[in-house]
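Just so it is clear, none of the values below were taken in a lab; they were calculated from the coordinates. The model shown is predicted, which means the values in this text are computed figures rather than measured ones. So basically every Cβ, Gly included, is an ideal-geometry build from the backbone, and we count neighbours across all protein chains shown.
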């Protein structure tokens with residue numbers, strides 16, 4: 001596979017709708033590597049970040065607040081379904097299309113990703129809200145993403161972590177993607193999603209085998 005198409009790839013956020021085509025969601029695309037037939041090759045990994053709103057304009061507003069100066073692709077307002085309809089007509093995503101010669105090689109990774117994403121989504125749906133009763137809490141879980149983000153203090157590396165209790169938190173990188181980690185931190189819940197929060201000042205960081 002020719003890797004040249006990925007040389008200038010820049011991570012980006014994009015809006016999508018959930019499986020039931022009701023809620024607009026924020027997602028992230030980043031370059032990653034996987035083994036196909038024993039050979040390490042690049043591919044674009046798509047990560048669900050959080051729910052935004054059933055209203056497109058409100059979803060765009062929340063996405064821009066979260067993303068800041070990072071690259072954000074908007075696919076325009078869609079005809080979404082009503083709650084309980086169970087339909088799924090998601091339309092085109094802002095994704096990087098694979099060439100014909102790449103599709104067969106990427107299929108194994110795609111199927112594995114779908115299974116991981118399904119388990120991640122199921123865990124998130126059953127998740128407990130982000131704890132708020134203590135000033136600092138213990139976070140223990142899996143690093144779902146490791147990415148760079150521009151801040152007022154310069155470029156910073158961030159993690160998105162799914163705690164074993166199901167909820168997700170975002171903050172300063174404490175480990176690499178797919179590593180399990182535990183640490184103590186102060187948590188600030190998201191204003192619009194009780195199962196998503198932001199951690200600050202992580203301490204007692206330990207990798208879990």
Label the range 129-170 by shape, choosing from rounded, prolate and oblate, from the square roots a ≥ b ≥ c of the eigenvalues of the Cα gyration tensor; if a/c is under 1.5 it is rounded, and otherwise prolate applies when a/b is larger than b/c, oblate when it is not. oblate
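Multiply the residue gap between residue 201 and residue 125 by 0.36 nm, knock off their C-alpha separation, and tell me the result in nm, one decimal place.
Details: separation 76, 0.36 × 76 = 27.36 nm, distance 2.73 nm.
Net length gain for the segment: 24.6 nm.
Arranged by the count of other C-beta atoms within 10 angstrom, fewest first, what order do 155, 45 take?
Numbers: 155 8, 45 18.
Ordered by Cβ neighbours within 10 Å, fewest first: 155, 45.
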If packing is taken as the mean number of other Cβ atoms within 10 Å per residue, what is the order of 126-134, 167-175, highest first? 167-175, 126-134
